[in-house]
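Visitor: Take a look at this one; I'll ask things after.
The values are calculated or read from the model by the stated rules, or taken from the named source; none is laboratory data. In this text, all values refer to a predicted model and were calculated from it rather than measured experimentally. Because the Cβ atoms are built from the backbone with ideal geometry, glycine has one as well, and the counts that use them run over all protein chains shown. Please note that ligands, DNA and RNA were not included when accessible areas were found on the heavy atoms of the full protein model with its side chains. Shrake-Rupley method; radii C 1.70, N 1.55, O 1.52, S 1.80 Å.
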Amino acid sequence: MAYIHFEKINKIFGTNHVLKDIDLDVEKGQLVTLLGPSGCGKSTLLRCLAGLEQVTDGHIYLDGQEITDVVPRRRGIGMVFQQYSLFPNMNVRDNVAYGLKLKKLPKAEINQKVEQMLDIVGLSEKISQYPAQLSGGQQQRVALARAMVTAPKVLLLDEPLSAIDALLRKNLQIEIRRIQQQLGITTIFVTHDQDEAMVMSDMIHLFHEGKIEQSGTPEQIYTRPATKFAATFIGNYNLPTAADFNRAFHTDIPGQDVAVRPEIVTLTKQAPKAEDGLLVAEGTITSHISHGNLIRFAVEFEGGLTLNADVVYENKLDFGEGDRVFAAMKKDLVIGL
Amino acid sequence: MRKGSKVSSNIIMTLVTVWLLIPLLATIIYSLFEDWTGIIPHGFTLANYQKIFTDTAFLTSMYQTLLVCVIPIVITILVVLLGLFVVTVYFPKLEKYMQILCMIPYTIQGVILSVSILILYAKGDTVLSGRMTMLIGAYCIIILPHIYNGIRNGMRAINMNMLLEAAEMLGESKLKAFFKVIVPNILTGITVSSLLAVGLLFGDYVIIRNLSSSNVNNMQKFLYQAMKRSSAEASAVFVVIMLITFAITAIVLTLQSRSTLEKIRNGGK
């Protein structure tokens, strides 16, 4: 049995069936992300594991023991919440020491562990400050230290970075990943941000309407979305119907729809040399949008098909609106859904 | 703000302050002089104060006032805290009913309340029909809305459920977490509403007159009797009541600001 094992988990709030027969395994030491839009059930599953919600049906196992009906404080799980959940009346030291004091450890040991953990999250000099004196990012790092200092079996992170500004969020993503690997702590991370999931995870489980839509490594999820929803949620896939695509590119991709990543489409003014497995069609540029490092061109093909193509921006625009271009892509990178 | 309007607003503020303070000052002066029939009072004396402070009835009334103030406040705070804990954590749907229940005493007049309590309980011979029990019970009802509002507003200012969940994940039980994490954070609300309650109960005459037997006397009752004897003595009693109220307020506020100051100092920023 895996280190964490969810078995046929169902959760119903009133008439709302939030989790539907979820089976999920997490291996020890991994950082696993539950990814999905809001309301998809990812946070509810996390709260069921924490014991803050009761499952309607199903079983949860942790380290070989069933914990489905165990109260939260006896599960040995640490958690960091979306909003800043530090105790406002206690300073950083007392916040971090809270869980250790409940374990009735000797004072010297508590102090040593608190200082060590604050060192790891880089906040040693803030030890006597109060939460109100810290920035959002610092507060979340204290919350992380507070959750990890008791050496829980599992660390749960419920969108801990969603209230933090973009630049700091990127730094904290890397920081959390570093600390998680340094301590080897099994971690489940909940987010609706696909980039965050890509950066941090060993494994991603994509949630949709209470079910797991797709599971895999970040690379697998990104390059091989299994369903239309997965392709919509991840990356910036073009999702034309297969009929339109096949007509424009004179090919035979199976399925209802076709998923094409904009970065696999190359644009040239001259027709590229014909090769096996290279799909080529001529079209007209209808618009372009700058994303800083990338320019996203929209190209319209015969029959009304429009595809986005990403071109790395060097120092000038190679094409303008109204230009005729050849779009080419490798057939094996085109996914039929 | 324009300079002219600032001056005029200062004038208005000063006038209002003077208007409010005149009766107070007049009472103090009146209690300190033998005669104040002309414009200038004359014959400075502390006799009125000496008289009331050597009167055991006054000292007893002071002690009993404090007693019948503190006990209901402590009881009501505990009941409201526990009630709000249970309702917020386990039965959030009942919160609006609790609010309605706690607001009802706002609409009840002291006379009606005390007479109703007498009719309902006085004839029985249980512990509820004891005069002191009835009085403390009635005081709990009177201050309930104020205490409830103070505590509830304090709880609204913090994310109580999340703090409780955070403490629970660290290994604490919900009830202990409530007293260790939530209560310290709503202490300001509790303090302010307690002060309001002290003010209300110190000023009560109607309820204590109707409900208490002759051996329970609060300072308002003593004041009423002093008024019959001499108005200068009554003024002295009034001044003492006021000073005690000020002292209680000052002590509570100092304690509170000291703990706040300590936090900031330890914060070291």
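Visitor: Which of the residues that make up the stretch B:131-166 are over 23 Å from B:TYR97 (Cα atoms) and more than 11 Å from chain A (Cβ to nearest Cβ)?
Guide: The answer is B:ARG131, B:MET132, B:THR133, B:MET134, B:LEU135, B:ILE136.
Visitor: Another question, then. Can A:SER162 be described as open to solvent by 10 Å² or more (accessible area, probe 1.4 Å), more than 10 Å from every other protein chain (Cβ to nearest Cβ) and not β-branched (Val, Ile, Thr)? Break it down stepwise before answering.
Guide: Values: open to solvent by 10 Å² or more (accessible area, probe 1.4 Å): yes; more than 10 Å from every other protein chain (Cβ to nearest Cβ): yes; not β-branched (Val, Ile, Thr): yes.
Taking the combined requirement at face value, the residue satisfies it.
Visitor: Now for a different question. Please note which helices (runs of 4 or more DSSP H) are completely contained in the stretch B:127-199 and include at least 2 residues that are open to solvent by 30 Å² or more (accessible area, probe 1.4 Å) and under 30 Å from B:SER213 (Cβ atoms). Give the steps one after another, and end with the answer.
Guide: Details: elements: B:131-157, B:160-169, B:174-177.
Hits in the stretch B:127-199: B:131-157.
Visitor: Only one residue in A:ALA243, A:ALA327, A:ALA274 is within 33 Å of the chain's Cα centre (by Cα), farther than 30 Å from A:ASP23 by Cα and open to solvent by 50 Å² or more (accessible area, probe 1.4 Å). Which one?
Guide: Details: A:ALA327 fails: open to solvent by 50 Å² or more (accessible area, probe 1.4 Å); A:ALA274 fails: within 33 Å of the chain's Cα centre (by Cα).
The match here is A:ALA243.
Visitor: Can you find a residue in the stretch A:148-159 that is part of a helix (DSSP H, G or I) and either surrounded by 20 or more Cβ atoms within 10 Å (Cβ to Cβ) or not aliphatic (A, V, I, L, M) (or both)? Lay out the reasoning, then the answer.
Guide: Taking the stretch A:148-159 as the starting set, the residues that turn out to be part of a helix (DSSP H, G or I) are A:148.
Then keep just the ones that are either surrounded by 20 or more Cβ atoms within 10 Å (Cβ to Cβ) or not aliphatic (A, V, I, L, M) (or both); that gives A:148.
There is at least one residue in the stretch A:148-159 that is part of a helix (DSSP H, G or I) and either surrounded by 20 or more Cβ atoms within 10 Å (Cβ to Cβ) or not aliphatic (A, V, I, L, M) (or both).
Visitor: Next question, about the same structure. Would you confirm whether any residue within the stretch B:210-220 is part of a helix (DSSP H, G or I), within 20 Å of B:PRO145 (Cα to Cα), away from chain A (no Cβ under 14 Å) and open to solvent by less than 10 Å² (accessible area, probe 1.4 Å)?
Guide: no
Visitor: Which of the residues belonging to the stretch A:85-100 are more than 9 Å from chain B (Cβ to nearest Cβ) and open to solvent by 10 Å² or more (accessible area, probe 1.4 Å)?
Guide: A:ARG93, A:ASP94
Visitor: Quickly run through the stretch A:69-122 and pick out the residues that are hydroxyl-bearing (Ser, Thr, Tyr) and in a helix (DSSP H, G or I).
Guide: As a first pass, look at the stretch A:69-122 and keep what is hydroxyl-bearing (Ser, Thr, Tyr): A:84-85, A:98.
Within the stretch A:69-122, A:TYR98 is the sole residue that qualifies.
Visitor: Which one is nearest to A:ILE295 (Cα to Cα) among residues in the stretch A:254-266 that are among the aliphatic types (A, V, I, L, M) and buried (at least 19 other Cβ atoms within 10 Å of the Cβ)?
Guide: In the first step, residues of the stretch A:254-266 are kept if they are among the aliphatic types (A, V, I, L, M); the result is A:258-260, A:264-265.
Remaining after also requiring buried (at least 19 other Cβ atoms within 10 Å of the Cβ): A:258-260, A:265.
Working: A:VAL258: 22, A:ALA259: 20, A:VAL260: 17, A:VAL265: 12 Å.
That would be A:VAL265.
Visitor: Among the residues of the stretch A:123-147 satisfying the criterion of being farther than 28 Å from A:LEU35 by Cα and assigned to a loop (DSSP other than H, G, I, E, B), which is most open to solvent (accessible area, probe 1.4 Å)?
Guide: At the first step, the residues of the stretch A:123-147 found to be farther than 28 Å from A:LEU35 by Cα are A:123-134.
Then keep just the ones that are assigned to a loop (DSSP other than H, G, I, E, B); that gives A:123, A:127-130, A:134.
Details: A:LEU123: 2, A:ILE127: 30, A:SER128: 51, A:GLN129: 18, A:TYR130: 32, A:LEU134: 15 Å².
This residue is A:SER128.
Visitor: Shifting gears a bit: Tell me yes or no: at least one residue of the stretch A:166-173 is assigned to a helix (DSSP H, G or I), farther than 16 Å from A:ARG93 by Cα and of a type in the set (Lys, Arg).
Guide: Filtering the stretch A:166-173 down to residues assigned to a helix (DSSP H, G or I) leaves A:166-173.
Subsequent filtering for residues that are farther than 16 Å from A:ARG93 by Cα retains A:166-173.
Of the ones still in play, those that are also of a type in the set (Lys, Arg) are A:169-170.
Yes, because at least one residue in the stretch A:166-173 is assigned to a helix (DSSP H, G or I), farther than 16 Å from A:ARG93 by Cα and of a type in the set (Lys, Arg).
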